[in-house]
2 protein chains.
Amino acid sequence: MDITSDTHSQHISRQFNQELEELKTHLMAMGGLVEKQVQEAIKALLENDSHLAEKVRDNDRQVNDLQIQIDDECTRILARRQPAASDLRLVVAVIRATSDLERIGDEASKIARNALSLSEGSNNVKGLVEVRHISEHVRKMLRDSLTAFARFDTDLAMQVVHEDKLVDDEYGSAMRSLMTFMMEDSRSISSVLNVMWVLRALERVGDHANNLAEYVVYLVKGLDIRHIAPEELDENMLKKS
Amino acid sequence: MDITSDTHSQHISRQFNQELEELKTHLMAMGGLVEKQVQEAIKALLENDSHLAEKVRDNDRQVNDLQIQIDDECTRILARRQPAASDLRLVVAVIRATSDLERIGDEASKIARNALSLSEGSNNVKGLVEVRHISEHVRKMLRDSLTAFARFDTDLAMQVVHEDKLVDDEYGSAMRSLMTFMMEDSRSISSVLNVMWVLRALERVGDHANNLAEYVVYLVKGLDIRHIAPEELDENMLKKS
């Protein structure tokens with residue numbers, strides 16, 4: 001290879017690295033927007049702020065636009081750069097991740113719609129303590145999974161995977177309390193159902209954060225850990241790969 | 001290009017086409033399994049067949065295994081064949097589709113778990129008429145979206161996209177009736193909630209079938225129609241692309 005073509009290929013490779021960096025930056029921007037949507041949807045619910053709820057509902061379009069834009073970027077990189085090995089895994093992981101982030105955006109929008117329904121009804125809404133508690137847990141999972149993605153940090157990613165089980169337990173127990181409220185006071189049924197949908201949406205956000213964490217392990221280690229129970233995933237297994 | 005290398009490249013291209021055909025076949029096998037899971041979960045619920053419900057719940061592992069296997073195939077094709085244009089869109093569409101099919105499998109499994117809870121309770125379960133009705137509608141959407149994928153049939157795909165709106169309306173009206181049942185008889189709350197989770201799962205299956213249909217339009221026309229309201233998607237727009 002002569003010097004000219006070597007310089008040329010270095011140039012291509014620098015451009016390519018820059019494209020991959022930009023792809024990551026855009027994914028993180030989408031992640032940041034989605035985190036904000038979840039946070040504001042919960043704030044709207046807890047503070048009975050229908051104006052904020054409407055804002056969250058309307059902002060969902062921005063999340064959707066970002067998904068289309070980033071997916072386009074991925075397809076362009078696949079077509080033009082024909083990435084291999086870890087670069088290819090990054091692009092595939094980003095394609096999967098935008099889909100989860102978009103669905104988290106949908107869940108935020110559902111929470112906002114339930115906040116709007118609740119703001120029309122009575123003031124004495126049951127179950128908000130549980131919503132606050134689970135939402136904090138789930139938002140931490142989401143934040144950590146995005147940080148793990150940004151830093152290619154598999155330890156942090158595995159922490160998120162383990163957290164998901166705890167959220168599922170908290171969710172189950174909160175749903176049982178809410179069912180008791182309903183049975184005790186049938187006038188509360190409609191508002192308790194709204195709170196149940198919110199909890200279900202939060203539990204889904206936790207599932208999607210868990211998926212994001214799994215993609216981090218995939219992209220760093222080349223190991224597909226979806227559908228493996230966290231208890232089977234001990235550190236040995238990750239180190240071996 | 002001399003004859004030898006021409007024969008060689010024809011050989012490569014024949015192999016590549018065969019790999020893409022196999023990829024489609026595997027996706028259709030996964031689709032078929034997922035269809036069967038939804039059908040049997042609903043049958044288990046309507047016929048109060050807890051044995052069948054357990055089978056569906058346990059079979060979810062097969063769906064998950066197929067997802068991992070097909071996603072692996074996609075990554076291998078991207079790495080080795082570096083597909084372009086419509087071949088690339090097919091591989092990207094399959095990566096997206098396995099994720100939706102896997103989630104439909106999860107929903108079938110949730111329906112099966114609710115069928116098991118219901119089979120432990122009273123015999124007089126409300127809302128099964130609605131479940132039967134919506135499940136038939138949703139199963140048709142799923143079947144059509146898979147057929148559309150197999151045949152690259154964008155007309156059929158667009159039909160599915162339009163159907164999704166109808167299912168959402170049916171779902172909303174069924175949920176309102178179920179809430180009335182709850183309010184009229186608080187002893188029914190627990191079983192009505194189970195039926196509500198089943199309806200929500202079916203509504204999600206409809207959403208995923210809708211996503212599959214959107215991928216067909218993407219892979220055939222190179223047009224990303226996610227997040228465009230069906231009423232904005234007139235035929236002109238599809239023809240122009």
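Structure values in brief
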item: Candidates A:Asp164, A:Asp155, A:Asp207, A:Asp169, filtered to the one that is more than 23 Å from A:Leu101 (Cβ to Cβ), in a helix (DSSP H, G or I) and modelled with pLDDT of 90 or more; result: A:Asp169
item: Only one of B:Ala115, B:Ala79 that is assigned to a helix (DSSP H, G or I) and modelled with pLDDT of 95 or more; result: B:Ala115
item: Tally of residues being farther than 25 Å from B:Met28 by Cα and not charged (D, E, K, R) across the range B:118-146; result: 12
item: Failed item in (1) of a type in the set (D, E, K, R); (2) within 14 Å of chain A (Cβ to nearest Cβ); (3) closer than 24 Å to B:Arg139 by Cβ, with B:Glu170 passing the rest; result: (2)
item: Number of the condition not met by B:Met182 [criteria: (1) within 13 Å of A:Ile189 (Cβ to Cβ); (2) touching a residue at least 12 places away in the same chain (Cβ under 8 Å); (3) buried (at least 21 other Cβ atoms within 10 Å of the Cβ)]; result: (2)
item: The lone exception for A:Arg80 - which of (1) of a type outside the set (A, V, I, L, M); (2) free of Cβ contacts under 8 Å to residues at least 60 places away in the same chain; (3) within 24 Å of A:Glu203 (Cβ to Cβ) it fails; result: (3)
item: Residue in the range A:6-26 that is in contact (Cβ under 8 Å) with a residue 24 or more places away in the chain, over 23 Å from B:Leu90 (Cβ atoms) and among the polar types (S, T, N, Q) present; result: no
item: The range A:54-82, residues that are more than 23 Å from A:Lys43 (Cβ to Cβ), of a type outside the set (A, V, I, L, M) and more than 8 Å from every other protein chain (Cβ to nearest Cβ); result: A:Gln69, A:Glu73, A:Arg76, A:Arg80, A:Arg81
item: Enumeration of residues in the range A:83-109 that are within 22 Å of A:Tyr218 (Cα to Cα), hydrophobic (A, V, I, L, M, F, W, C) and more than 10 Å from chain B (Cβ to nearest Cβ); result: A:Leu90, A:Ala93, A:Val94, A:Ala97, A:Leu101, A:Ile104
item: Failed criterion for A:Arg139 (all others in (1) within 14 Å of chain B (Cβ to nearest Cβ); (2) under 22 Å from A:Val34 (Cβ atoms); (3) out of contact with any Leu (no Cβ under 8 Å at 6 or more places or on another chain); (4) in contact (Cβ under 8 Å) with a residue 24 or more places away in the chain hold); result: (1)
item: Meets criteria (within 14 Å of B:Leu199 (Cα to Cα), touching a residue at least 24 places away in the same chain (Cβ under 8 Å), basic (Lys, Arg) and part of a helix (DSSP H, G or I)) for B:Arg96; result: no
item: Qualifying residue in the range A:128-147 (condition: assigned to a helix (DSSP H, G or I) and farther than 22 Å from A:Asp207 by Cα); result: no
item: Matching residues, the range B:51-72, being farther than 26 Å from B:His137 by Cβ and buried (at least 20 other Cβ atoms within 10 Å of the Cβ); result: B:Ile70, B:Asp71
item: Unmet criterion (only one of (1) surrounded by 16 or more Cβ atoms within 10 Å (Cβ to Cβ); (2) within 30 Å of B:Gln62 (Cα to Cα)) for A:Met196; result: (2)
item: Residue in the range B:42-50 that is surrounded by fewer than 20 Cβ atoms within 10 Å (Cβ to Cβ), of a type in the set (Asp, Glu) and either under 14 Å from the mean Cα position of the chain (by Cα) or in a helix (DSSP H, G or I) (or both) present; result: no
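The values are calculated or read from the model by the stated rules, or taken from the named source; none is laboratory data. The shown structure was predicted, so the numbers you read here are calculated from the model rather than taken from an experiment. Cβ coordinates were reconstructed from backbone atoms using ideal geometry, including for glycine residues, and neighbour counts include every protein chain displayed.
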